[in-house]
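Enquirer: Sending over a structure as structure tokens; questions will come in a sec.
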Amino acid sequence: MKKSASMERSKTTAKILTYAVLILGAIIMIFPFVWMILTSSKTVPESMQIPPTIFPAQIMLDNFKDAIASLPFLHLYFNTGLMVFFRVVCAVVFSSMAGYAFAKLHFRGKNLLFGIVLIQMSLPSQIFIIPQYQMVAKMGLANTIFALVFPGIVSAFGTFFLRQTYMGIPVEIGEAAYLDGCNQFQTFYKVMFPLTGTSVAALTIFTAVFAYGDLMWPLVVNSDLKMMTLSSGLATLRGQFTTNFPVLMAGSLLAMLPMVILYMIFQRQFIEGIASTGGK
């Protein structure tokens with residue numbers, strides 16, 4: 001009985017410690033968003049006060065009006081939506097075909113080409129900005145939606161990720177499709193691709209999230225404010241010497257609303273897609 005009671009107490013203690021750590025982690029994760037909301041309602045002196053004030057003396061909704069007046073949010077939402085949509089489409093289409101080729105086809109130089117994909121994954125994306133910008137500029141397509149989508153036409157991560165997925169599909173499935181009269185392309189899009197639905201959903205989520213938060217490339221390639229994305233447009237609110245932090249936080253809050261709404265609508269798909277990346 002004493003041993004049983006001791007084990008019960010240890011389990012209870014472990015459970016309490018686990019929940020305490022999880023609650024602390026949740027507070028640490030939520031605090032920046034709460035601080036952003038509180039700062040968006042403060043005055044400029046309150047936002048720069050030391051020691052900082054947590055709650056504003058009076059809620060200032062004028063900060064949201066100033067943010068909307070400072071930035072063309074309709075254009076920013078539209079540009080960001082198109083960039084995310086086309087990057088997701090390109091990542092899914094081209095990564096699926098490349099991943100299938102690297103996993104199931106046999107051709108000369110396959111290992112060399114896949115090694116180049118792995119090298120691209122290991123290098124920081126910033127080193128590609130100058131050559132990518134030169135390519136876009138020579139085509140005369142700067143300050144366009146195509147310029148925003150250009151770096152995401154091919155995804156090294158998506159190619160590697162879907163290659164691993166296709167490698168987990170038994171070879172016998174493709175052989176059965178071939179015996180039924182399917183050629184290589186029909187085997188891909190009628191048989192193999194439908195089996196990667198969960199992985200494609202995960203790739204869609206990762207691509208959309210990364211594209212939505214992309215800052216450096218949209219800020220470099222599109223100098224026209226009406227052709228910028230939400231992240232790059234918000235960067236223009238930062239002053240050279242001083243910054244109106246309440247207006248900046250109000251603009252950030254407006255910028256994050258679409259992603260929050262999408263997450264609330266597709267919460268189950270988000271969780272299943274991310275969880276599936278560790279299920280293989």
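Enquirer: With every protein chain left in place, what is the accessible area per residue of the chain in square angstrom, probe 1.4 Å?
Expert: On the way: 17560 Å² over 280 residues.
On a per-residue basis, 63 Å².
Enquirer: I would also like to ask the following. What relative contact order, as a whole-number percentage, does the range 148-244 give when Cα pairs under 8 Å and 6 or more residues apart are counted?
Expert: Working: 40 pairs, mean separation 24.4, N = 97.
RCO, the range 148-244: 25 percent.
Enquirer: Work out Dmax and Rg for the range 9-118 from the C-alpha atoms and quote the Rg first, both in angstrom.
Expert: Computed over the Cα atoms of the range 9-118, radius of gyration and Dmax are 25.1, 69 Å.
Enquirer: How far apart, in nm, are two points set 7 Å out from the Cα along the Cα-to-Cβ line at Val260 and at Lys65?
Expert: So the label points at Val260 and Lys65 sit 2.2 nm apart.
Enquirer: Are there trypsin sites (Lys or Arg not before Pro) in the range 157-260 that DSSP marks as loop and that have at most 12 other Cβ atoms within 10 Å, and which are they?
Expert: Numbers: sites: Arg163, Lys190, Lys226, Arg238; in loops: Arg238.
Those satisfying the criteria are Arg238.
Enquirer: Full-extension gain between Gln164 and Asp224, please, as 0.36 nm times their residue separation minus the C-alpha to C-alpha distance.
Expert: In short, 17.6 nm is gained.
Enquirer: Using the Karplus curve 6.51 cos²θ - 1.76 cosθ + 1.60 with θ = phi - 60°, work out ³J(HN,Hα) for each residue of the range 65-74 in order, rounded to whole Hz, and write x for Gly and Pro.
Expert: 5, 5, 5, 5, 6, 7, 10, x, 4, 4
Enquirer: So for the pair Glu175, Ile129, with labels modelled 7 Å out along Cα→Cβ, what separation do we get in nm?
Expert: Once both label points are built, they end up 5.1 nm from each other.
Enquirer: Given a 10 angstrom Cα cut-off, can you work out which residue in Thr229, Thr165, Thr187 is the most mobile in a GNM of the chain?
Expert: Largest GNM mean-square fluctuation: Thr187.
Enquirer: Taking amide H positions as placed 1.01 Å from N in the peptide plane, with prolines and chain starts having none, which residues 5 or more places from Lys42, or on another chain, fall under 5 Å of its amide H?
Expert: Result for Lys42 returns Met60.
Enquirer: Still on this model: Around Leu237, which amide H atoms from residues at least 5 apart in sequence, or from another chain, sit under 5 Å from its own amide H, with H modelled in the peptide plane?
Expert: none
Enquirer: A further question follows. Given N residues in the range 111-215, what is Rg(Cα) / (2.2 N^0.38 Å)?
Expert: Details: Rg = 17.3 Å, N = 105, 2.2 N^0.38 = 12.9 Å.
In units of the globular-protein estimate, the range 111-215 measures up at 1.34.
Enquirer: If you average the alpha carbon positions of the range 84-105 and of the range 176-229, how far apart do those two centres end up, in angstrom?
Expert: 5
Enquirer: Okay, moving on. Starting from the Cα gyration tensor of the range 62-169, take the square roots of the eigenvalues, sort them a ≥ b ≥ c, and report rounded, prolate or oblate (rounded when a/c is under 1.5, otherwise prolate if a/b is larger than b/c, else oblate). Walk me through the intermediate numbers first.
Expert: On the way: a/c = 2.87, a/b = 2.05, b/c = 1.40.
Since a/c reaches 1.5 and a/b is larger than b/c, the shape of the range 62-169 is classed as prolate.
Enquirer: Inverting the mean 1/r over all pairs of different Cα atoms, compute the Kirkwood radius of the range 178-234 and quote it in Å. Display every interim value, and only then the final one.
Expert: Working: mean 1/r = 0.0699 Å⁻¹.
That comes to 14.3 Å for the range 178-234.
Enquirer: Let me ask you something else. For the chain, set up a GNM with springs between Cα atoms under 10 Å and report which of Pro151, Pro218, Pro51 has the largest fluctuation.
Expert: It is Pro51.
Enquirer: Something else now. Which entries in the list Lys110/Lys190; Lys190/Lys226; Lys104/Lys138; Lys15/Lys42 go over 30 Å, if you measure between the two C-alpha atoms of each?
Expert: Lys190/Lys226; Lys104/Lys138; Lys15/Lys42
Enquirer: So how far apart, in nm, are the two label points at Ala14 and Leu141 if each is 7 Å from Cα heading toward Cβ?
Expert: 5.6
Enquirer: Something else: Find how much the distance from Val44 to Met97 grows on full extension, using 0.36 nm per residue of separation minus their present alpha carbon separation; answer in nm with one decimal. Don't jump to the answer; show the numbers that get you there.
Expert: On the way: separation 53, 0.36 × 53 = 19.08 nm, distance 5.21 nm.
Full extension of this stretch gives 13.9 nm more.
Enquirer: With a ≥ b ≥ c taken as the square roots of the eigenvalues of the C-alpha gyration tensor of the chain, please select rounded if a/c is under 1.5 and otherwise prolate if a/b is larger than b/c or oblate if it is not? Intermediate results must be reported in sequence, preceding the final value.
Expert: Details: a/c = 2.58, a/b = 1.24, b/c = 2.09.
Oblate, since a/c reaches 1.5 and b/c is not below a/b.
Enquirer: Which far-off residues, 5 or more places away or on another chain, put their amide H under 5 Å from the one on Leu215, with H placed in the peptide plane?
Expert: When sequence neighbours closer than 5 places are left aside, there are no close amide H contacts.
Enquirer: Taking 30 Å as R0, compute the FRET efficiency from the Cβ-Cβ separation of Ile30 and Thr243 and round it to 0.05.
Expert: That pair, Ile30 with Thr243, gives E of 0.80.
The values are calculated or read from the model by the stated rules, or taken from the named source; none is laboratory data. All values derive from a computational prediction rather than experimental measurement. For neighbour counting, all protein chains shown are included, and Cβ atoms are generated from backbone atoms with ideal geometry for every residue, glycine included. The area values use the complete protein model at the heavy-atom level, side chains included, leaving out ligands, DNA and RNA. Shrake-Rupley method; radii C 1.70, N 1.55, O 1.52, S 1.80 Å.
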